[in-house]
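Nothing in this text is a laboratory measurement; each read-out follows from the coordinates by a stated rule. Predicted, not measured: the structure shown is a model, and the values here were computed from it. Because the Cβ atoms are built from the backbone with ideal geometry, glycine has one as well, and the counts that use them run over all protein chains shown.
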Amino acid sequence: MMWLQVFSLACVAVSILAIIGKVLRYMKAPQHMRWELYPVPHEKGRAEYGGSYLEELDWWTKPRESDKFNELKEMAEEIILLKGVFKHNRRVWGSSFPFHFGMYLLIGWLVLLFGSAILQQLNIQIGTSAGVIGQIVHYLTAITGYAGLVLTAFGALGLLLWRATDERQREFNAPIDYFNLLLMTGMSVVVIIAHATTDPSFTTLRQYIGETITLSQATVPSNLIGIGIGLLSFTIMWVTITRMSHFVAKYFLYHAVRWNDEPNERGSKIEQSLIKLLSEKVTWSADHIQSGKTWAEVVKEMKK
Amino acid sequence: MSSDKLRVKDIGRKADPLVNIDMTNLPKLPYPYEDWVDPDIEELPDKKRNGRNVSLDGVMNIIIDNPKTDQEKEEMVAKFLVGLRKLLSKENNWTFLKPLMLSLDNCVKCNTCQEACPIFESSGNLSAYRPLFRSDLLRRIINKYVKPGGKLTAKFTGSDIDLNWNTVARLAQLSYRCTLCRRCAQTCPMGVDNGLLAREIRKLFSQELGISPQELHADGTVKQLETGSSTGMNPEALMDLMEFAEEDIKDRTGLDIKIQMDKPGADILLIHNAGEFLSWPENLEAFAILFELAGISWTLSSDMVGYDSVNYGLFYDDTQYARVTLKHAEVAKKLGVKKVVVGECGHAHKAIMAIGDRIWLGESNIPRESCMATMEDLILNEKVMIDPSRNEFPVTTHDPCNFTRSMGIIEPQRRILRKICPQFREMTPHGAHNYCCGGGSGFAIMQSHNFPNWKMAISGRKKFAQILNAFSKEELAPEVNKYVCAPCSNCKGQIRDIITYFDANERCGFLYGGLVELIVNCMTDVKEGFIDWDDFH
C-alpha cells in the first residue's frame with residue numbers, strides 16, 4: 001500500500017474512534033438535575049407558546065401526551081435549515097447554512113463513493129453506460145460532490161469573512177477557527193479543481209477507496225488528485241477531533257438537557273441512578289460542607 | 001481603557017475598575033421617560049471597600065476579600081484551580097456535570113446570545129457583560145490550566161489567558177452580572193446555556209472558596225436552615241404573624257378567615273415565600289381567603305423551613321440548595337398532605353418542582369403543583385364567584401423566568417387574567433420569551449453597597465421599558481390606576497424597586513402586586529377594595 005492509503009485509513013480510524021469517544025463521554029455522564037428550557041417541541045398542544053404539562057392541575061395523574069412529530073419537525077428544521085441561526089443571527093445564517101448544507105451533501109457524497117466502491121468490488125458497474133443503479137449512483141455522486149464542495153467552500157469563505165471583518169466577533173476568534181475555515185475552503189477548492197479538470201465523475205476517487213478498503217495498491221493519476229485525497233482524509237479526521245463535530249454534543253444538549261422533561265417517579269430508573277449517586281464522596285472545601293462524606297450525608301445537615 | 005474594546009485576555013490586568021460604566025450610554029427609555037438621566041453608580045472609596053475586590057466594574061454584590069500578600073494570592077489562585085477540577089468531576093458535581101460539559105464543549109462563539117441578553121443591551125453593550133465574555137473566560141482557563149497540554153495549545157485554540165488573582169476575582173464578579181434568566185440559551189443555535197455556566201462558576205466559588213453574596217448565604221440559606229426562614233422569622237414569630245394576618249383580613253374584608261396551620265392529611269400544603277408575610281401580607285391573606293371560600297382543604301406548616309419556600313441555594317450552591325429542599329420534602333411528608341402547592345414565587349417553583357424533581361426521592365416524592373394551576377381550576381371552573389368589573393383598570397403581567405422559561409407554566413395565569421381583568425394586555429415579548437425583571441438569581445434581595453443602583457439602571461431597565469410599552473400614553477397618566485401583576489416574590493420586589501427608582505408610582509400611577517390579590521379583588525363574596533391603590537409599599 002502507498003503511504004497515502006495508510007494516511008487515509010488512519011484518518012478514518014481516528015475519526016471513528018473520536019466520534020465513539022465523544023458519544024460515550026456524554027452517554028456515560030451521570031444523571032443530572034432537571035434543567036429543561038422551554039419551548040419544548042414535544043409538548044402536545046403547548047409547544048407553540050412554550051407551555052408544559054406542569055400547567056395542568058394534578059399533572060401527575062394525567063397521561064403525558066408527547067408530540068413526536070413536532071419534535072422531529074423541529075429537529076429537521078434545525079438540522080437541515082439551521083432554524084435557530086436563521087431566527088436569531090441572520091447574517092451568520094447566510095454563510096452558515098450553505099456551509100452546513102454543503103457538508104451534509106459531502107457526507108452523502110462520501111457514502112455514495114464508499115457504497116459504489118463496494119459495488120464495484122462486487123462487479124457492479126458504475127457510470128453512464130452501466131445499469132440503472134449504476135447510472136443513478138454515478139449522477140448522484142457527481143451532483144452531491146460538486147454541489148457539496150461548492151457550497152462548503154462558499155459557506156466557509158463567508159464565515160471566514162465574517163469572523164475576520166466583524167469587529168465585535170474578532171475578539172472571540174482563535175487561530176484554530178481561521179484554520180478550520182481555511183482548511184474547509186482549501187480542501188473543497190483543491191478537490192473541485194483536481195477532479196473537474198481530470199476526473200469529473202470521481203471515478204479515480206471511487207477506485208482509490210475500493211483499493212484502499214481491500215488493502216491493495218492504489219494508483220493516483222495526478223499529484224493534485226493525491227493532494228485532494230490527502231486533504232479530504234485529513235479533514236474527515238480533523239472535523240471529528242475538534243469542535244467542528246459539535247453535532248454530537250448538540251444532540252445530547254437538546255435531548256438530554258434542553259428538551260428532557262421526564263419527571264422522576266417513585267421506583268423509576270432515574271430514581272435508582274440518583275440514589276447511587278448520593279453515595280459519591282464530596283471533597284468540596286468550603287466551611288459549610290463536610291468534606292469526605294457522601295452527598296447523602298452532606299445534604300442532611302449544614303456543617304456548623 | 002475604553003470598555004467597549006475590552007478583550008477577554010485583558011481580564012487579569014491591574015486597572016481598577018477594568019470596566020467603566022458610562023450612564024449616558026444606557027439605552028433611552030420610552031415615553032414618558034425619554035429624558036430620564038440615571039444617576040452615576042456610587043463609587044466605592046477604599047474605606048467602603050474595606051479591602052474587598054470590586055475591580056471588575058466598581059460594583060459590589062459579592063464579598064471578595066483581597067489576599068494581603070502575593071503568596072496568599074497565589075494560594076487563592078491554586079485553590080480556585082482545585083475547585084475547577086472538582087467542578088469537572090463526577091463525585092463533586094454529578095448534579096450538573098452533563099449540562100456543564102455540553103455547554104463548555106459546544107460553543108462556536110457566534111455571539112448570537114448577546115442580542116438576547118437584557119443586561120448586555122441595557123449596559124450600552126459593555127463587552128464584559130456579554131454572555132460569551134464570561135463563558136469564554138471560563139473555557140479559556142479550563143483549556144489552558146486544566147486540560148492536559150493546554151498551555152502548549154493555548155494560543156492556537158484561543159485559550160491564551162493569564163490566570164492571576166484579578167482574573168479569579170473578576171470571574172466571580174462576572175458570575176453575578178447575570179440573572180441566570182437563560183434567555184441567551186433560548187437563542188443559542190447550539191443549545192449552549194450561558195446561564196448554567198454562570199451558575200456553575202458561582203457554585204465553584206461558594207463550594208470551594210466559601211465566596212458568595214452575604215444575602216444568599218449567611219443571610220439566606222444559613223439563616224433559613226438555622227432559624228426556619230431567610231427572613232430570620234422563627235416558628236413562634238410566624239404564629240404571631242398569622243394572628244395578625246387573620247385580623248388584617250377581618251379589617252380589610254369583614255370576613256372571619258382562619259389561616260390553617262399544621263393540619264395533618266390536608267389536601268394541599270401551601271408553601272409560601274415567608275418574605276411576603278412581612279412585605280406583602282395581603283398575598284398570603286388573599287390565598288387564605290380564596291382557599292377558604294372555595295372550600296379547599298389546605299394548610300401551612302409551622303415547622304422549621306416548612307413555612308418559607310425560599311431556596312437561595314438554587315442560585316449559588318448545590319449543597320445548600322439540597323439541604324433546604326429536603327426540609328421542604330420532610331415537612332410535606334410529615335403532614336401527610338396529598339400535594340404541595342407552591343405559592344407565587346418563581347424560584348421556589350423551580351427549586352421544589354423542577355430541580356427538586358431529582359431530590360425528592362422515594363416516599364418523599366410528594367406530588368407538587370404550581371399555584372397557577374390550582375387557581376386556574378378555581379376561577380375557570382367557577383368554584384368562586386367573581387365580578388370582573390371590579391378589576392376594570394389596565395393590567396399587564398410579568399412572566400417570572402423560573403416558572404415560564406424553565407418550567408413552561410405560561411397559560412394558566414393568562415387564562416385567569418383574561419377572565420378577571422377586562423383590560424389585561426401583554427408585554428412584548430412575553431411568555432417563554434419574556435425579559436427577566438432584572439432581580440433574578442437573588443439580585444432582588446441584594447440591597448447593599450452600590451449594587452441597587454446597578455440593578456435598577458441596568459438589569460431592571462429592559463423590564464421597566466417593557467412595562468411602559470404595555471400601556472398607551474393616555475393610560476400612563478398618573479391619575480389612571482394601573483396594575484403590574486408579578487406573580488413571584490423576587491420579581492415583585494424588583495418591580496417595586498424599579499417603580500420606586502423611576503418614581504413611576506407618582507409619575508405614572510403604577511401599582512404592582514401578585515395574581516391572587518387580583519382574584520380576591522373581584523370575588524363577590526369579598527367586599528370591594530381589596531387592592532388599596534393608595535398603599536404603595
Mean Cα-pair separation over length for chain B, i.e. relative contact order, pairs under 8 Å, 6 or more apart, %: 14
Over the stretch B:185-321, relative contact order from alpha-carbon pairs under 8 Å, at least 6 apart, %: 31
Rough spin-label spacing in nm, given labels placed 7 Å along Cα→Cβ, for A:Ile19 and B:Trp36: 5.3
Degrees separating the helix B:235-253 axis from the principal Cα axis of chain B, which is the longest one: 50
Of the DSSP H helices in chain A, those whose Cα atoms cover at least 24 Å axially and whose Kyte score averages 1.0 or more: A:3-28, A:132-165, A:175-198, A:223-241
Selection from A:Ile118, A:Thr61, A:Val92, by position along the positive dipole direction of the stretch A:56-124 (Cβ): A:Val92
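Note down the magnitude of the dipole of the stretch B:384-521 about its Cα centre, charges +1 on Lys and Arg C-beta and -1 on Asp and Glu C-beta and zero elsewhere, to the nearest 20 debye.
With only Lys, Arg, Asp and Glu charged at Cβ, the dipole is about 360 debye.
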Alpha-carbon Rg/Rh ratio, for the protein assembly as shown, with Rh computed the Kirkwood way: 1.02
Exposure proxy order (Cβ contacts within 10 Å, fewest to most) of B:His347, A:His288: A:His288, B:His347
Stokes-Einstein translational diffusion, the stretch B:3-209 - Kirkwood Rh over all Cα pairs, 1.002 mPa s, 20 °C, in µm²/s: 120
Charge dipole (debye, nearest 20) of the stretch B:293-389; +1 at Cβ of Lys and Arg, -1 at Cβ of Asp and Glu: 320
Inter-chain Cβ neighbour average for residues A:55-63, partner chain, 10 Å: 6
Rg and Dmax of chain A, Cα atoms only, in Å: 25.0, 84
Ordering of A:69-75, B:406-412, A:171-177 by burial proxy (mean other Cβ atoms within 10 Å per residue, highest first): B:406-412, A:171-177, A:69-75
Rg(Cα)/(2.2 N^0.38 Å) for chain B, N = residue count: 0.98
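Which order do the peptides A:218-231, B:214-227, B:34-47 take when ranked by the mean count of other beta-carbon atoms within 10 Å per residue, highest first?
Ranked by mean Cβ neighbours within 10 Å, highest first: B:214-227, A:218-231, B:34-47.
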Most mobile of A:Thr240, A:Thr165, A:Thr203 in a GNM of chain A (Cα contacts under 10 Å): A:Thr165
Farthest toward positive dipole pole in the protein assembly as shown [+1 Lys/Arg, -1 Asp/Glu at C-beta], among B:Pro487, B:Val192, A:Tyr251: A:Tyr251
Exercise: per-residue mean of other protein chain Cβ atoms within 10 Å, B:220-233: 1
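Over the protein assembly as shown, what is the percentage of antiparallel beta bridges among all DSSP beta bridges, to the nearest 5?
Antiparallel: roughly 15 percent of the beta bridges in the protein assembly as shown.
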Listed residues A:Leu82, A:Leu119, A:Leu277, most fluctuating in chain A (Gaussian network, C-alpha, under 10 Å): A:Leu277
Violating pairs (Cα-Cα greater than 28 angstrom) within the set B:Lys463/B:Lys527; B:Lys419/B:Lys473; B:Lys263/B:Lys383; A:Lys281/B:Lys203: B:Lys463/B:Lys527
Beta bridge orientation in the stretch B:384-521: antiparallel %, DSSP, nearest 5: 0
Part-to-part distance (alpha-carbon centres) for the stretch B:244-299 and the stretch B:105-124, which is given in Å: 43
Exposure proxy ranking, count of Cβ atoms within 10 Å, fewest first, for B:Asp399, B:Asp105, B:Asp22: B:Asp22, B:Asp105, B:Asp399
Out-of-range pairs (alpha-carbon distance over 25 Å; input B:Lys350/B:Lys492; A:Lys28/A:Lys276; A:Lys44/A:Lys87; A:Lys44/A:Lys83; B:Lys47/B:Lys79; B:Lys14/B:Lys98): B:Lys47/B:Lys79; B:Lys14/B:Lys98
Highest to lowest packing among B:308-314, B:156-162, scored as the average C-beta count within 10 Å: B:308-314, B:156-162
Number of partner chain Cβ atoms within 10 Å, mean per residue of A:276-287: 6
Farthest toward positive dipole pole in the protein assembly as shown [+1 Lys/Arg, -1 Asp/Glu at C-beta], among B:Pro235, B:Gly313, A:Thr240: A:Thr240
